[in-house]
Amino acid sequence: MRPDLFEAPDYYNLDELLTDEHKLVRDAAREWVKREISPIIEDYAQKAEFPTQIINGLAEIGAFGPYIPMEYGGAGLDQISYGLIMQEIERGDSGVRSTASVQSSLVMYPIWKYGNEEQRQKYLPKLASGEWIGCFGLTEPDHGSNPGGMMTNFKDMGDHYLLNGAKMWISNAPFAQVAVVWAKNEEGRIHGLIVERGMEGFTTPETHNKWSLRASATGELIFDNVKVPKENVLPNKSGLGAPLGCLDSARYGIAWGAIGAAMDCYDTALRYSKERMQFGKPIGQFQLQQKKLAEMITEITKAQLLTWRLGVLRNDGKATSAQISMAKRNNVDMAINIAREARQILGGMGITGEYSIMRHMMNLESVITYEGTHDIHLLITGLDVTGLNAFK
Ligand code: TGC
Ligand code: FAD
(Lines give C-alpha, C1' and ligand atoms only; values in the text may rest on other atoms or scores of the structure.)
(Ligands and ions follow the chains in the order given, each with its own letter.)
Protein backbone atom coordinates (compact mmCIF):
# COMPACT_ATOMS: atom_id res chain seq x y z
CA MET A 1 0.00 0.00 0.00
CA ARG A 2 1.17 3.54 -0.76
CA PRO A 3 2.16 6.07 1.94
CA ASP A 4 -0.84 7.50 3.78
CA LEU A 5 -1.19 11.12 2.60
CA PHE A 6 -4.69 11.57 4.05
CA GLU A 7 -5.97 15.12 4.53
CA ALA A 8 -9.40 15.33 6.16
CA PRO A 9 -12.04 17.30 4.26
CA ASP A 10 -13.83 19.99 6.30
CA TYR A 11 -15.81 21.93 3.70
CA TYR A 12 -18.11 23.75 6.15
CA ASN A 13 -15.43 24.50 8.79
CA LEU A 14 -16.92 22.02 11.21
CA ASP A 15 -13.78 22.19 13.30
CA GLU A 16 -15.23 25.47 14.63
CA LEU A 17 -17.99 23.43 16.27
CA LEU A 18 -15.51 21.23 18.12
CA THR A 19 -13.93 21.95 21.51
CA ASP A 20 -10.18 21.83 22.06
CA GLU A 21 -10.66 18.46 23.76
CA HIS A 22 -12.54 17.07 20.74
CA LYS A 23 -9.74 18.17 18.42
CA LEU A 24 -7.03 16.80 20.69
CA VAL A 25 -8.71 13.40 20.92
CA ARG A 26 -9.43 13.33 17.18
CA ASP A 27 -5.92 14.35 16.19
CA ALA A 28 -4.33 11.76 18.47
CA ALA A 29 -6.49 9.03 16.91
CA ARG A 30 -5.73 10.38 13.40
CA GLU A 31 -1.99 10.30 13.97
CA TRP A 32 -2.17 6.82 15.50
CA VAL A 33 -4.10 5.47 12.49
CA LYS A 34 -1.55 6.98 10.11
CA ARG A 35 1.33 5.49 12.08
CA GLU A 36 0.00 2.10 13.19
CA ILE A 37 -2.89 1.10 10.92
CA SER A 38 -2.23 2.42 7.41
CA PRO A 39 1.16 0.70 6.95
CA ILE A 40 -0.11 -2.78 7.91
CA ILE A 41 -3.84 -2.98 7.26
CA GLU A 42 -3.79 -4.02 3.62
CA ASP A 43 -1.57 -7.02 4.44
CA TYR A 44 -3.81 -8.12 7.30
CA ALA A 45 -6.93 -7.73 5.16
CA GLN A 46 -5.32 -9.75 2.37
CA LYS A 47 -4.40 -12.57 4.74
CA ALA A 48 -7.75 -12.29 6.58
CA GLU A 49 -6.22 -11.79 10.01
CA PHE A 50 -6.89 -9.36 12.84
CA PRO A 51 -3.70 -7.50 13.83
CA THR A 52 -3.68 -8.28 17.56
CA GLN A 53 -0.61 -6.09 18.12
CA ILE A 54 -2.79 -2.95 17.76
CA ILE A 55 -4.87 -3.73 20.85
CA ASN A 56 -2.67 -1.72 23.25
CA GLY A 57 -2.66 1.25 20.89
CA LEU A 58 -6.46 1.19 20.61
CA ALA A 59 -6.65 1.29 24.39
CA GLU A 60 -4.16 4.18 24.53
CA ILE A 61 -6.15 6.41 22.15
CA GLY A 62 -9.26 5.83 24.29
CA ALA A 63 -11.05 3.58 21.81
CA PHE A 64 -12.08 1.07 24.48
CA GLY A 65 -14.82 2.75 26.50
CA PRO A 66 -14.36 6.39 25.40
CA TYR A 67 -17.45 7.51 27.37
CA ILE A 68 -17.16 5.00 30.25
CA PRO A 69 -16.29 6.85 33.49
CA MET A 70 -12.62 6.99 34.43
CA GLU A 71 -13.29 5.20 37.73
CA TYR A 72 -13.85 2.05 35.64
CA GLY A 73 -10.82 2.64 33.40
CA GLY A 74 -12.76 4.38 30.61
CA ALA A 75 -11.70 7.69 29.04
CA GLY A 76 -14.64 9.68 30.49
CA LEU A 77 -15.14 11.57 27.22
CA ASP A 78 -18.34 12.94 25.70
CA GLN A 79 -20.30 11.49 22.80
CA ILE A 80 -18.70 13.71 20.16
CA SER A 81 -15.20 12.62 21.18
CA TYR A 82 -16.42 9.01 21.06
CA GLY A 83 -17.74 9.61 17.54
CA LEU A 84 -14.57 11.30 16.36
CA ILE A 85 -12.45 8.37 17.57
CA MET A 86 -14.69 5.96 15.62
CA GLN A 87 -14.45 8.20 12.54
CA GLU A 88 -10.67 8.18 12.61
CA ILE A 89 -10.38 4.43 13.21
CA GLU A 90 -12.79 3.61 10.38
CA ARG A 91 -10.84 5.99 8.15
CA GLY A 92 -8.18 3.30 8.58
CA ASP A 93 -10.41 0.23 8.42
CA SER A 94 -14.01 -0.69 9.32
CA GLY A 95 -12.84 -3.99 10.82
CA VAL A 96 -10.61 -2.24 13.32
CA ARG A 97 -13.47 0.10 14.19
CA SER A 98 -15.66 -2.98 14.65
CA THR A 99 -13.34 -4.30 17.34
CA ALA A 100 -13.48 -0.96 19.14
CA SER A 101 -17.28 -0.62 18.74
CA VAL A 102 -17.97 -4.08 20.07
CA GLN A 103 -15.61 -3.66 23.01
CA SER A 104 -17.02 -0.23 23.99
CA SER A 105 -20.69 -0.22 23.13
CA LEU A 106 -21.64 -3.87 23.11
CA VAL A 107 -19.54 -5.25 25.96
CA MET A 108 -18.46 -2.43 28.28
CA TYR A 109 -21.72 -0.48 27.90
CA PRO A 110 -24.06 -3.32 29.03
CA ILE A 111 -21.75 -4.24 31.91
CA TRP A 112 -21.66 -0.58 32.98
CA LYS A 113 -25.39 0.09 32.50
CA TYR A 114 -27.02 -3.25 33.33
CA GLY A 115 -24.36 -4.83 35.56
CA ASN A 116 -23.85 -4.59 39.32
CA GLU A 117 -20.86 -2.97 41.01
CA GLU A 118 -18.90 -6.26 41.35
CA GLN A 119 -19.31 -6.96 37.64
CA ARG A 120 -18.22 -3.41 36.74
CA GLN A 121 -15.12 -3.67 38.92
CA LYS A 122 -14.24 -7.13 37.67
CA TYR A 123 -14.57 -6.55 33.94
CA LEU A 124 -14.46 -2.88 32.94
CA PRO A 125 -10.84 -1.96 33.81
CA LYS A 126 -9.49 -5.05 32.03
CA LEU A 127 -11.64 -4.33 28.98
CA ALA A 128 -10.62 -0.64 28.94
CA SER A 129 -6.93 -1.52 28.98
CA GLY A 130 -7.33 -4.18 26.30
CA GLU A 131 -6.10 -6.92 28.64
CA TRP A 132 -9.41 -8.62 27.85
CA ILE A 133 -11.31 -8.41 24.58
CA GLY A 134 -15.05 -8.92 24.53
CA CYS A 135 -17.72 -9.95 22.06
CA PHE A 136 -21.52 -9.57 21.88
CA GLY A 137 -23.79 -12.48 21.03
CA LEU A 138 -27.24 -11.49 19.80
CA THR A 139 -27.59 -12.82 16.22
CA GLU A 140 -28.39 -16.51 15.71
CA PRO A 141 -28.39 -18.70 12.60
CA ASP A 142 -32.18 -18.35 12.27
CA HIS A 143 -32.66 -14.95 13.95
CA GLY A 144 -30.81 -11.96 12.47
CA SER A 145 -33.08 -8.96 11.90
CA ASN A 146 -35.57 -10.51 14.31
CA PRO A 147 -33.50 -11.12 17.45
CA GLY A 148 -36.63 -11.34 19.60
CA GLY A 149 -37.16 -14.86 18.19
CA MET A 150 -33.85 -16.15 19.60
CA MET A 151 -33.61 -19.80 20.70
CA THR A 152 -30.54 -19.62 22.98
CA ASN A 153 -31.77 -20.32 26.49
CA PHE A 154 -30.75 -20.90 30.09
CA LYS A 155 -32.28 -23.00 32.85
CA ASP A 156 -32.06 -22.50 36.58
CA MET A 157 -30.17 -25.49 38.06
CA GLY A 158 -30.20 -24.22 41.65
CA ASP A 159 -26.62 -23.12 42.17
CA HIS A 160 -25.93 -22.15 38.51
CA TYR A 161 -27.58 -21.64 35.12
CA LEU A 162 -27.24 -24.08 32.23
CA LEU A 163 -26.82 -22.28 28.88
CA ASN A 164 -27.58 -23.88 25.49
CA GLY A 165 -27.75 -22.53 21.94
CA ALA A 166 -25.66 -20.88 19.25
CA LYS A 167 -24.83 -17.38 18.05
CA MET A 168 -23.53 -16.56 14.58
CA TRP A 169 -21.61 -13.70 12.91
CA ILE A 170 -19.97 -12.58 16.14
CA SER A 171 -17.18 -9.99 15.81
CA ASN A 172 -14.09 -10.70 17.98
CA ALA A 173 -15.51 -14.15 18.91
CA PRO A 174 -12.44 -16.22 17.93
CA PHE A 175 -10.14 -14.50 20.43
CA ALA A 176 -12.45 -12.80 22.96
CA GLN A 177 -11.99 -13.68 26.64
CA VAL A 178 -15.48 -12.44 27.54
CA ALA A 179 -18.83 -12.72 25.76
CA VAL A 180 -21.98 -10.78 26.62
CA VAL A 181 -24.62 -13.27 25.50
CA TRP A 182 -28.37 -12.67 25.16
CA ALA A 183 -30.53 -15.69 26.02
CA LYS A 184 -34.07 -16.52 27.18
CA ASN A 185 -34.90 -17.85 30.63
CA GLU A 186 -37.55 -20.51 31.23
CA GLU A 187 -40.29 -17.86 31.03
CA GLY A 188 -38.98 -16.66 27.64
CA ARG A 189 -37.60 -13.38 29.02
CA ILE A 190 -34.30 -12.16 27.46
CA HIS A 191 -31.35 -11.60 29.83
CA GLY A 192 -27.67 -10.79 29.35
CA LEU A 193 -25.12 -13.30 30.66
CA ILE A 194 -21.35 -12.87 30.89
CA VAL A 195 -19.70 -16.01 29.54
CA GLU A 196 -15.94 -16.45 29.87
CA ARG A 197 -13.57 -18.37 27.64
CA GLY A 198 -12.63 -21.63 29.33
CA MET A 199 -16.13 -22.40 30.64
CA GLU A 200 -16.79 -26.05 29.77
CA GLY A 201 -19.00 -26.51 26.69
CA PHE A 202 -18.27 -23.01 25.30
CA THR A 203 -16.53 -22.87 21.90
CA THR A 204 -15.94 -20.10 19.35
CA PRO A 205 -15.22 -21.46 15.84
CA GLU A 206 -13.98 -18.86 13.36
CA THR A 207 -15.99 -17.91 10.26
CA HIS A 208 -13.81 -18.09 7.14
CA ASN A 209 -14.13 -17.06 3.47
CA LYS A 210 -15.38 -13.51 4.07
CA TRP A 211 -14.83 -11.00 1.25
CA SER A 212 -15.63 -8.18 3.66
CA LEU A 213 -14.20 -7.04 7.02
CA ARG A 214 -11.28 -9.38 6.43
CA ALA A 215 -9.06 -7.77 9.07
CA SER A 216 -11.75 -8.42 11.70
CA ALA A 217 -12.16 -11.86 13.27
CA THR A 218 -15.74 -13.17 13.08
CA GLY A 219 -17.01 -16.40 14.59
CA GLU A 220 -19.76 -18.41 16.23
CA LEU A 221 -20.50 -18.85 19.90
CA ILE A 222 -21.60 -22.40 20.72
CA PHE A 223 -23.07 -23.22 24.13
CA ASP A 224 -23.38 -26.90 24.91
CA ASN A 225 -24.63 -27.22 28.50
CA VAL A 226 -22.41 -24.37 29.70
CA LYS A 227 -22.57 -23.89 33.48
CA VAL A 228 -22.81 -20.14 34.02
CA PRO A 229 -22.44 -18.88 37.61
CA LYS A 230 -25.55 -17.03 38.79
CA GLU A 231 -23.51 -13.92 39.54
CA ASN A 232 -22.75 -13.63 35.78
CA VAL A 233 -26.27 -12.51 34.85
CA LEU A 234 -26.63 -8.76 34.25
CA PRO A 235 -29.23 -7.85 36.87
CA ASN A 236 -30.38 -4.34 36.00
CA LYS A 237 -32.24 -4.72 32.68
CA SER A 238 -33.95 -7.53 30.81
CA GLY A 239 -36.16 -7.91 27.72
CA LEU A 240 -35.25 -7.17 24.07
CA GLY A 241 -34.84 -3.49 24.95
CA ALA A 242 -31.62 -4.37 26.83
CA PRO A 243 -29.57 -5.53 23.79
CA LEU A 244 -31.28 -2.95 21.58
CA GLY A 245 -30.16 -0.23 24.02
CA CYS A 246 -26.53 -1.30 23.45
CA LEU A 247 -27.12 -1.17 19.71
CA ASP A 248 -28.13 2.49 19.97
CA SER A 249 -24.66 3.31 21.24
CA ALA A 250 -22.88 1.16 18.66
CA ARG A 251 -25.02 2.41 15.75
CA TYR A 252 -24.23 5.98 16.76
CA GLY A 253 -20.49 5.13 16.60
CA ILE A 254 -20.96 3.54 13.17
CA ALA A 255 -22.66 6.70 11.88
CA TRP A 256 -19.40 8.56 12.64
CA GLY A 257 -17.21 5.68 11.49
CA ALA A 258 -18.79 5.58 8.04
CA ILE A 259 -17.85 9.23 7.55
CA GLY A 260 -14.22 8.23 8.13
CA ALA A 261 -14.34 5.55 5.42
CA ALA A 262 -16.03 8.02 3.03
CA MET A 263 -13.46 10.75 3.77
CA ASP A 264 -10.62 8.37 3.00
CA CYS A 265 -12.16 7.32 -0.34
CA TYR A 266 -12.90 10.93 -1.32
CA ASP A 267 -9.44 12.18 -0.35
CA THR A 268 -7.75 9.36 -2.27
CA ALA A 269 -9.88 9.94 -5.38
CA LEU A 270 -9.39 13.72 -5.26
CA ARG A 271 -5.61 13.38 -5.10
CA TYR A 272 -5.59 10.77 -7.86
CA SER A 273 -7.79 12.91 -10.11
CA LYS A 274 -5.26 15.74 -9.99
CA GLU A 275 -2.29 13.47 -10.74
CA ARG A 276 -3.61 11.02 -13.33
CA MET A 277 -3.25 12.37 -16.88
CA GLN A 278 -5.41 11.20 -19.80
CA PHE A 279 -5.97 13.00 -23.13
CA GLY A 280 -3.27 15.45 -22.04
CA LYS A 281 -5.17 16.63 -18.95
CA PRO A 282 -5.55 15.61 -15.33
CA ILE A 283 -8.73 13.49 -15.20
CA GLY A 284 -10.02 15.87 -12.48
CA GLN A 285 -10.45 18.45 -15.23
CA PHE A 286 -13.17 16.39 -16.93
CA GLN A 287 -16.69 17.37 -15.92
CA LEU A 288 -17.77 13.78 -15.35
CA GLN A 289 -15.06 13.29 -12.70
CA GLN A 290 -15.78 16.69 -11.13
CA LYS A 291 -19.44 15.70 -10.80
CA LYS A 292 -18.43 12.63 -8.80
CA LEU A 293 -16.07 14.57 -6.53
CA ALA A 294 -18.50 17.48 -6.01
CA GLU A 295 -21.29 15.10 -5.07
CA MET A 296 -19.00 13.20 -2.71
CA ILE A 297 -17.94 16.27 -0.74
CA THR A 298 -21.57 17.45 -0.61
CA GLU A 299 -22.72 14.12 0.86
CA ILE A 300 -19.81 13.97 3.32
CA THR A 301 -20.56 17.50 4.52
CA LYS A 302 -24.28 16.71 5.01
CA ALA A 303 -23.37 13.56 6.96
CA GLN A 304 -20.87 15.47 9.12
CA LEU A 305 -23.55 18.03 10.05
CA LEU A 306 -26.19 15.38 10.74
CA THR A 307 -23.84 13.39 12.92
CA TRP A 308 -22.42 16.34 14.85
CA ARG A 309 -26.00 17.40 15.69
CA LEU A 310 -26.81 13.84 16.77
CA GLY A 311 -23.77 13.97 19.04
CA VAL A 312 -25.05 17.16 20.67
CA LEU A 313 -28.44 15.50 21.22
CA ARG A 314 -26.71 12.44 22.73
CA ASN A 315 -24.64 14.63 25.03
CA ASP A 316 -27.92 16.17 26.24
CA GLY A 317 -29.52 12.72 26.60
CA LYS A 318 -32.13 13.66 23.98
CA ALA A 319 -31.26 11.52 20.92
CA THR A 320 -33.96 9.00 20.06
CA SER A 321 -33.31 5.49 18.74
CA ALA A 322 -35.02 6.46 15.49
CA GLN A 323 -32.71 9.46 15.04
CA ILE A 324 -29.72 7.13 15.51
CA SER A 325 -31.16 4.70 12.94
CA MET A 326 -31.51 7.51 10.42
CA ALA A 327 -27.86 8.54 10.84
CA LYS A 328 -26.52 4.97 10.69
CA ARG A 329 -28.52 4.24 7.55
CA ASN A 330 -27.78 7.50 5.78
CA ASN A 331 -24.07 7.59 6.52
CA VAL A 332 -23.27 3.98 5.66
CA ASP A 333 -25.21 4.29 2.40
CA MET A 334 -23.41 7.57 1.68
CA ALA A 335 -20.03 5.92 2.36
CA ILE A 336 -20.65 2.84 0.22
CA ASN A 337 -21.80 5.00 -2.71
CA ILE A 338 -18.72 7.21 -2.36
CA ALA A 339 -16.48 4.14 -2.25
CA ARG A 340 -18.04 2.87 -5.48
CA GLU A 341 -17.66 6.23 -7.26
CA ALA A 342 -14.13 6.74 -5.93
CA ARG A 343 -13.16 3.29 -7.18
CA GLN A 344 -14.23 4.32 -10.68
CA ILE A 345 -12.15 7.50 -10.56
CA LEU A 346 -9.08 5.34 -9.98
CA GLY A 347 -9.87 3.15 -12.99
CA GLY A 348 -7.97 -0.14 -12.89
CA MET A 349 -5.77 1.02 -10.02
CA GLY A 350 -8.93 1.22 -7.92
CA ILE A 351 -9.25 -2.54 -7.72
CA THR A 352 -5.77 -3.05 -6.27
CA GLY A 353 -4.53 -3.07 -2.71
CA GLU A 354 -2.23 -0.16 -3.58
CA TYR A 355 -5.13 2.06 -2.52
CA SER A 356 -7.61 1.67 0.33
CA ILE A 357 -10.82 2.19 -1.67
CA MET A 358 -11.70 -1.37 -2.65
CA ARG A 359 -11.07 -2.56 0.93
CA HIS A 360 -13.39 0.17 2.28
CA MET A 361 -16.00 -0.75 -0.33
CA MET A 362 -15.97 -4.42 0.62
CA ASN A 363 -15.93 -3.63 4.35
CA LEU A 364 -18.94 -1.36 4.00
CA GLU A 365 -20.98 -4.29 2.66
CA SER A 366 -20.84 -5.67 6.22
CA VAL A 367 -21.37 -2.29 7.84
CA ILE A 368 -24.57 -1.74 5.82
CA THR A 369 -25.81 -5.14 7.09
CA TYR A 370 -24.75 -5.40 10.71
CA GLU A 371 -26.23 -3.45 13.60
CA GLY A 372 -29.52 -3.47 11.67
CA THR A 373 -29.68 -3.71 7.88
CA HIS A 374 -30.34 -0.77 5.56
CA ASP A 375 -33.96 -2.00 5.23
CA ILE A 376 -34.52 -2.42 8.96
CA HIS A 377 -33.37 1.15 9.67
CA LEU A 378 -35.67 2.46 6.95
CA LEU A 379 -38.58 0.63 8.60
CA ILE A 380 -37.61 2.09 11.99
CA THR A 381 -37.85 5.59 10.44
CA GLY A 382 -41.10 4.56 8.74
CA LEU A 383 -42.55 3.44 12.07
CA ASP A 384 -41.39 6.63 13.76
CA VAL A 385 -43.00 8.98 11.25
CA THR A 386 -46.23 7.03 10.60
CA GLY A 387 -46.79 5.35 13.95
CA LEU A 388 -47.51 2.17 11.93
CA ASN A 389 -45.34 -0.88 12.69
CA ALA A 390 -44.15 -2.89 9.65
CA PHE A 391 -42.61 -5.58 11.90
CA LYS A 392 -45.85 -6.77 13.53
P1 TGC B 1 -39.92 -4.14 19.47
O2 TGC B 1 -41.21 -4.76 19.92
O3 TGC B 1 -39.95 -2.95 18.58
O4 TGC B 1 -39.04 -3.76 20.73
C5 TGC B 1 -38.83 -4.63 21.82
C6 TGC B 1 -38.51 -3.80 23.03
O7 TGC B 1 -37.26 -3.09 22.78
C8 TGC B 1 -37.49 -1.67 22.88
N9 TGC B 1 -36.65 -1.05 21.83
C10 TGC B 1 -35.51 -0.42 22.11
N11 TGC B 1 -34.91 -0.15 23.28
C12 TGC B 1 -33.74 0.51 23.23
N13 TGC B 1 -33.16 0.90 22.08
C14 TGC B 1 -33.73 0.62 20.87
N15 TGC B 1 -33.12 0.97 19.72
C16 TGC B 1 -34.97 -0.06 20.85
N17 TGC B 1 -35.80 -0.51 19.88
C18 TGC B 1 -36.83 -1.11 20.49
C19 TGC B 1 -38.97 -1.50 22.62
O20 TGC B 1 -39.43 -0.29 23.17
C21 TGC B 1 -39.54 -2.72 23.32
O22 TGC B 1 -39.51 -2.47 24.71
P23 TGC B 1 -40.64 -3.11 25.68
O24 TGC B 1 -40.30 -2.56 27.02
O25 TGC B 1 -41.95 -2.61 25.12
O26 TGC B 1 -40.47 -4.59 25.56
O27 TGC B 1 -39.03 -5.29 18.83
P28 TGC B 1 -39.24 -6.14 17.49
O29 TGC B 1 -39.08 -7.57 17.85
O30 TGC B 1 -40.47 -5.70 16.74
O31 TGC B 1 -37.92 -5.72 16.64
C32 TGC B 1 -37.73 -4.42 16.23
C33 TGC B 1 -36.45 -4.31 15.37
C34 TGC B 1 -36.61 -5.09 14.08
C35 TGC B 1 -36.31 -2.84 15.01
C36 TGC B 1 -35.21 -4.76 16.14
O37 TGC B 1 -35.31 -6.00 16.63
C38 TGC B 1 -33.93 -4.55 15.38
O39 TGC B 1 -33.30 -3.51 15.53
N40 TGC B 1 -33.41 -5.56 14.56
C41 TGC B 1 -32.10 -5.47 13.99
C42 TGC B 1 -31.18 -6.45 14.69
C43 TGC B 1 -29.80 -5.91 14.89
O44 TGC B 1 -29.53 -4.72 14.75
N45 TGC B 1 -28.88 -6.76 15.24
C46 TGC B 1 -27.55 -6.35 15.53
C47 TGC B 1 -26.75 -7.47 16.12
S48 TGC B 1 -25.25 -6.90 16.85
C49 TGC B 1 -24.27 -6.51 15.57
O50 TGC B 1 -24.62 -6.53 14.44
C51 TGC B 1 -22.92 -6.13 15.96
S52 TGC B 1 -21.89 -5.78 14.63
C53 TGC B 1 -20.69 -5.09 15.55
C54 TGC B 1 -19.51 -4.63 14.80
O55 TGC B 1 -18.72 -5.53 14.33
O56 TGC B 1 -19.30 -3.39 14.74
P1 FAD C 1 -31.70 -11.41 7.69
O2 FAD C 1 -32.32 -10.90 8.92
O3 FAD C 1 -31.95 -12.80 7.27
O4 FAD C 1 -32.08 -10.43 6.50
C5 FAD C 1 -31.91 -10.79 5.12
C6 FAD C 1 -32.56 -9.70 4.28
O7 FAD C 1 -33.95 -9.60 4.60
C8 FAD C 1 -31.97 -8.32 4.56
O9 FAD C 1 -31.87 -7.60 3.36
C10 FAD C 1 -33.00 -7.66 5.45
O11 FAD C 1 -33.00 -6.25 5.34
C12 FAD C 1 -34.29 -8.27 4.94
N13 FAD C 1 -35.36 -8.27 5.94
C14 FAD C 1 -35.40 -8.91 7.12
N15 FAD C 1 -36.51 -8.63 7.81
C16 FAD C 1 -37.20 -7.75 7.04
C17 FAD C 1 -38.43 -7.05 7.18
N18 FAD C 1 -39.19 -7.16 8.28
N19 FAD C 1 -38.83 -6.24 6.18
C20 FAD C 1 -38.07 -6.08 5.06
N21 FAD C 1 -36.90 -6.71 4.87
C22 FAD C 1 -36.47 -7.52 5.84
N23 FAD C 1 -24.32 -9.93 15.28
C24 FAD C 1 -24.07 -9.97 16.63
O25 FAD C 1 -24.95 -10.29 17.42
N26 FAD C 1 -22.85 -9.66 17.12
C27 FAD C 1 -21.82 -9.29 16.31
O28 FAD C 1 -20.72 -8.98 16.78
C29 FAD C 1 -22.04 -9.27 14.90
N30 FAD C 1 -21.02 -9.00 14.06
C31 FAD C 1 -21.20 -9.14 12.70
C32 FAD C 1 -20.11 -9.04 11.84
C33 FAD C 1 -20.29 -9.23 10.46
C34 FAD C 1 -19.11 -9.19 9.56
C35 FAD C 1 -21.58 -9.47 9.95
C36 FAD C 1 -21.80 -9.62 8.46
C37 FAD C 1 -22.65 -9.56 10.80
C38 FAD C 1 -22.48 -9.41 12.18
N39 FAD C 1 -23.56 -9.59 13.07
C40 FAD C 1 -23.34 -9.60 14.42
C41 FAD C 1 -24.85 -10.01 12.57
C42 FAD C 1 -25.67 -8.88 11.94
O43 FAD C 1 -26.20 -8.04 12.92
C44 FAD C 1 -26.77 -9.52 11.10
O45 FAD C 1 -26.13 -10.05 9.94
C46 FAD C 1 -27.85 -8.54 10.71
O47 FAD C 1 -28.59 -8.11 11.82
C48 FAD C 1 -28.82 -9.13 9.67
O49 FAD C 1 -29.23 -10.41 10.00
P50 FAD C 1 -29.14 -11.61 8.91
O51 FAD C 1 -27.76 -11.60 8.37
O52 FAD C 1 -29.61 -12.84 9.58
O53 FAD C 1 -30.09 -11.17 7.76
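The values are calculated or read from the model by the stated rules, or taken from the named source; none is laboratory data. Bear in mind the structure is a predicted one, so any value in this text is a computation, not a measurement. Cβ: placed from backbone, ideal geometry, glycine included. Neighbour counts: every protein chain shown. What goes into the accessible areas is simple: the full protein's heavy atoms, side chains included, and nothing from ligands, DNA or RNA. Shrake-Rupley method; radii C 1.70, N 1.55, O 1.52, S 1.80 Å.
Applying the Karplus relation 6.51 cos²θ - 1.76 cosθ + 1.60 with θ = phi - 60° to segment 90-106 yields 3J(HN,Hα) values of 6, 4, x, 5, 4, x, 5, 4, 4, 4, 5, 4, 5, 4, 7, 8, 10 Hz, where x marks Gly and Pro.
Note that segment 358-374 has calculated 3J(HN,Hα) couplings of 5, 5, 4, 4, 5, 4, 5, 5, 6, 5, 6, 9, 7, 6, x, 6, 3 Hz, one per residue in order, obtained from phi through the Karplus relation 6.51 cos²θ - 1.76 cosθ + 1.60 (θ = phi - 60°); glycine and proline are x.
Comparing ASN331, ASN146, ASN363 in a Gaussian network model of the chain, where Cα atoms under 10 Å apart are tied by springs, the biggest mean-square fluctuation is seen for ASN146.
Under the criterion of Cα pairs below 8 Å and six or more residues apart, the relative contact order for the chain equals 18 percent. Rounded to the nearest Hz, the phi-derived 3J(HN,Hα) couplings of segment 143-150 under the Karplus curve 6.51 cos²θ - 1.76 cosθ + 1.60 (θ = phi - 60°) are 9, x, 5, 10, x, x, x, 3, where x marks glycine and proline. For segment 46-197, relative contact order (Cα pairs under 8 Å, six or more residues apart, normalised by length) works out to 19 percent.
Ignoring lysines fewer than eight residues from LYS318 along the same chain, the ones with Cα atoms less than 30 angstrom from its Cα are LYS23, LYS113, LYS237, LYS302, LYS328, LYS392.
First measure r as the distance between the Cβ atoms of ASP384 and ASP27, then evaluate 1/(1 + (r/R0)^6) with R0 = 35 Å and state the FRET efficiency to the nearest 0.05.
0.45
In loop segments of segment 2-110 as defined by DSSP, the GluC sites (Glu not before Pro) with at most 16 further C-beta atoms inside 10 Å of their C-beta are GLU7, GLU49.
Against the main long axis of the alpha-carbon atoms of the chain, helix 321-345 sits at an angle near 40°.
When peptides 246-252, 280-286 are sorted by average Cβ neighbour count within 10 Å, with the highest value leading, the order is 246-252, 280-286. Between THR298 and LYS318, the FRET efficiency estimated from the beta carbon spacing at R0 = 22 angstrom works out to 0.20. By accessible area, using a 1.4 Å probe on protein heavy atoms only, the chain has 51% of its surface on carbon and sulfur.
Grab the beta carbon distance between ARG340 and LEU5, set R0 = 25 Å, and tell me the FRET efficiency rounded to 0.05. It comes to 0.70.
Compared with the dominant Cα axis of the chain, that is its longest principal axis, helix 20-32 is turned about 80°.
Summing Lys, Arg as +1 and Asp, Glu as -1, what charge do residues with Cβ under 13 Å from the Cβ of PRO147 carry, PRO147 excluded?
-1
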